[in-house]
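Single-structure report; data block below.
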Amino acid sequence: MSVLSEISEKWKLEAKQEDNMRYFFHVKEAAKVLSGEKFYVVGRKGSGKSAISQYILNLCNENASTGYKIFTEQLSFKNFPFNELYALQNGKYTKPNQYITIWKYIIYSCICRLMVKNQGIDGELRTLLEKLYPPTTIKSLSRLIDSWTTKEFGAQILGSGGNIKVDKISKFESLSWIEKTNILEDIIENYIDDSNYYVIFDELDEDYRDFETTEERSQYVYLITSLFKAVQDIKSIFREKRHIVCPVVFLRDDIYLLIKDTDKNKWGDFKIALEWDEQKLKSMLAYRISKAIDPNGDVLPFEKAWSTIFTGQTINLGGNSKKKTDLFHYITLSTQLRPRDYIKYLQVCAENTIENGETKITAQTVKRVDKGFSNYLKEEIVDEIHAQLPDILVIFSIISQIRKWNFTIKEFKDTYIQYYKKGTIKNGNVDYVLQLLFDFSVIGNRPKNRTISFFRYTNPEARFNFNENIVVHRGLFKALQIL
């Protein structure tokens, strides 16, 4: 019961709210980021990006007692007014590179902020940098960037007296932020020590939406493209210090796919794609269950860890099917093979089991909570896809009206057009809608005379086939009232 209590109360969907150092599983991926080998982390919502970024952030606190050899800064763009960034273009660059300089300036400013905290940096330099970058918590990234890019930024260090070791700093007042970028680059190159500096970019999807114009969409894509190029440029400039200067970008894979650039193929060498299969998920669950049992204990094999909290029962797949399967496979059919899905399902199962006074999760409990999980999955997909498809809730209503899990494209289009003619739906491009539903694994394909369905979450390279039947993801059946 203590293990089930730990799962129901302490497992969290949000990495920031969980004991990350206890439950962190992405050790291999994190090691590649920490070494400077990889600096782009791409994956679906719920695939583990936040867990990795939170782990890196926590390392600074974990190493505080050993001399601060790791320094981290997280830049969250949640609730950020992106229009401020769109205005900070460097006219010397052509599209999509016009934002490279502002991203470099932000990264260099963050590294200088971190150098202020480092007792190993030259004392005179730290005194000067501290006047530019006071060691305060970032409460408003928008205000901070606005301050850094004003003409007056740096004026406060003038007339400070003494022998100014870094003469270039004293010229800040008369320079633009574009010119200041080169000065900061020189300062970092000349004075940085052998500590590790991680600047983490997270929640960049804040301005990702159903853009009203092509120009708005292009502007956002250019901004993200410039960030990737800025990071690559910095890693190249500091290639001898690649393990030290480490900007890291965390981005959703559907946004990454929007980027079309001649350099994109080169980024593959530096990218981690967070993809999951059943075997890797079993390893993740074995790790988490083992740590729920004993945070300092050994990691148990999956079957042993699973049997600690689940009975060995089988479960009917539902409907008129006489097929039975084990509990793990039943849960897996309702998920999109994302860690967050399993955490949610086990969390609710554990809570329900405790409420019923049972000591292990039974087949009846797994089936009982399936409806609640189906509603959770629907909400997750709405949050993820709404930026591109504001009509998603109405589209779910269309699928509910068809009330079948397997139907033809014609059936969907006919019902969709009825809604469109009534004005209930604004987007008249039904092929675009079907493609998006496939991209987010709401639907898959079912070839004729086949018992296997094809979904993108099981194969990221899959493409929607407009000549085959549509199948709805099983995890959405109950939420969409599909019998």
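The values are calculated or read from the model by the stated rules, or taken from the named source; none is laboratory data. The structure displayed is predicted, hence computed values, not measured ones. In this analysis, Cβ positions are derived from the backbone assuming ideal geometry, glycine residues included, and neighbour counts consider all displayed protein chains. Just so you know, the surface numbers come from the protein's heavy atoms only, side chains and all, with ligands and any DNA or RNA stripped out. Shrake-Rupley method; radii C 1.70, N 1.55, O 1.52, S 1.80 Å.
Packing-wise, with mean Cβ within 10 Å as the measure, how do 244-256, 365-377 rank, highest first? Before the final figure, lay out the partial values.
On the way: 244-256: 21.4, 365-377: 19.0.
Order by mean packing, descending: 244-256, 365-377.
Quick one: of the DSSP bridges fully inside the chain, what percent are antiparallel, nearest 5?
Values: 10 of 30 bridges.
Around 35 percent of the beta bridges assigned by DSSP in the chain are antiparallel ones.
Distance in nm between label sites at LYS12 and SER140, each 7 Å beyond Cα in the beta-carbon direction?
The two pseudo-label positions are separated by 2.6 nm.
Magnitude of the Cβ-charge dipole of the chain, K/R +1 and D/E -1, about the Cα centre, nearest 20 debye? Please report the intermediate quantities before stating the final value.
Values: 68 positive and 62 negative charges, 315 e Å.
Rounded to the nearest 20 debye, it is 1520 debye.
Arranged from highest to lowest average of other beta-carbon atoms within 10 Å per residue, in what order do the peptides 381-391, 467-477 appear?
Working: 381-391: 17.2, 467-477: 20.1.
In descending order of packing, they fall as 467-477, 381-391.
Please report, as a whole percent, how much of the solvent-accessible surface of the chain comes from carbon and sulfur atoms (probe radius 1.4 Å). Provide the component values of the computation, followed by the final result.
Details: 10420 of 22320 Å².
The C+S portion of the solvent-accessible surface of the chain is 47 percent.
Rounded to a whole number, what is D in µm²/s for the chain from Stokes-Einstein with the Kirkwood radius over alpha-carbon pairs (10 °C, 1.306 mPa s)?
Details: Rh = 25.1 Å.
D = 63 µm²/s.
Give, in whole angstrom and from largest to smallest, the semi-axes √(5λ) of the equivalent ellipsoid of segment 300-346, with λ running over the eigenvalues of the Cα gyration tensor. It would help to have the intermediate numbers written out before the result.
Values: eigenvalues 80, 48, 11 Å².
Listed largest to smallest, the semi-axes of segment 300-346 are 20, 15, 7 Å.
Starting from the Cα of GLN418, move 7 Å in the Cα-to-Cβ direction to define the label point; list residues of segment 430-447 whose amide nitrogen is under 18 Å from there.
Under 18 Å, as judged by backbone N against the label point of GLN418, lie 430 of segment 430-447.
If I take every Cα pair under 8 Å that is 6 or more residues apart in segment 83-136, average their sequence separation and divide by the length, what percent do I get for the relative contact order? Show your work: numbers first, answer last.
Values: 32 pairs, mean separation 13.7, N = 54.
Averaging sequence separation for qualifying contacts and normalising by length gives 25 percent for segment 83-136.
I need the peptides 453-459, 298-304 ranked by packing, meaning the mean over residues of other C-beta atoms within 10 angstrom, with the highest value on top. Let's see the in-between values first.
Numbers: 453-459: 17.6, 298-304: 13.4.
Sorting 453-459, 298-304 by mean packing, highest first, produces 453-459, 298-304.
Cα-Cα over 28 Å: which of LYS12/LYS323; LYS241/LYS271; LYS28/LYS266; LYS117/LYS235; LYS10/LYS360?
Numbers: LYS12/LYS323 33 Å; LYS241/LYS271 19 Å; LYS28/LYS266 22 Å; LYS117/LYS235 22 Å; LYS10/LYS360 18 Å.
Beyond 28 Å: LYS12/LYS323.
What relative contact order, as a whole-number percentage, does the chain give when Cα pairs under 8 Å and 6 or more residues apart are counted? Can you show the working numbers first?
Numbers: 659 pairs, mean separation 90.2, N = 483.
Answer for the chain is 19 percent.
Taking the chain as the reference, fit the longest principal axis to its C-alpha atoms, fit the long axis of helix 392-402 to the helix C-alpha atoms, and give the angle between the two in degrees, 0 to 90, nearest 10.
Helix 392-402 sits roughly 10 degrees off the main axis of the chain.
Calculate how steeply helix 370-385 sits against the longest principal axis of the alpha-carbon atoms of the chain, using the helix alpha-carbon long axis, and give the answer as 0 to 90 degrees to the nearest 10.
Around 40 degrees separate the two axes.
Where the only charges are on Cβ atoms (+1 Lys, Arg; -1 Asp, Glu), what is the dipole of segment 371-439 about its Cα centre, to the nearest 20 debye?
On the way: 9 positive and 9 negative charges, 88 e Å.
So the dipole magnitude of segment 371-439 works out to roughly 420 debye.
Suppose all protein chains stay in the model; what accessible area per residue would a 1.4 Å probe give for the chain, in Å²? All intermediate terms of the calculation are to be shown ahead of the outcome.
Numbers: 22320 Å² over 483 residues.
I get 46 Å² per residue for the chain.
Given the convex hull over the Cα atoms of segment 162-308, what projected area results after averaging over all orientations, in nm²? Display every interim value, and only then the final one.
Working: hull surface 61.7 nm².
Its average projected convex-hull area is 15.4 nm².
Once segment 343-439 is represented by equal point scatterers at the alpha-carbon sites, with solvent omitted, what log10 I(q)/I(0) does the Debye formula produce at q = 0.10, 0.18, 0.25 Å⁻¹?
-0.40, -0.85, -1.29
If the viscosity is 0.692 mPa s and the temperature 37 °C, what translational diffusion coefficient in µm²/s does Stokes-Einstein give for segment 1-115 when Rh comes from Kirkwood over Cα pairs?
193
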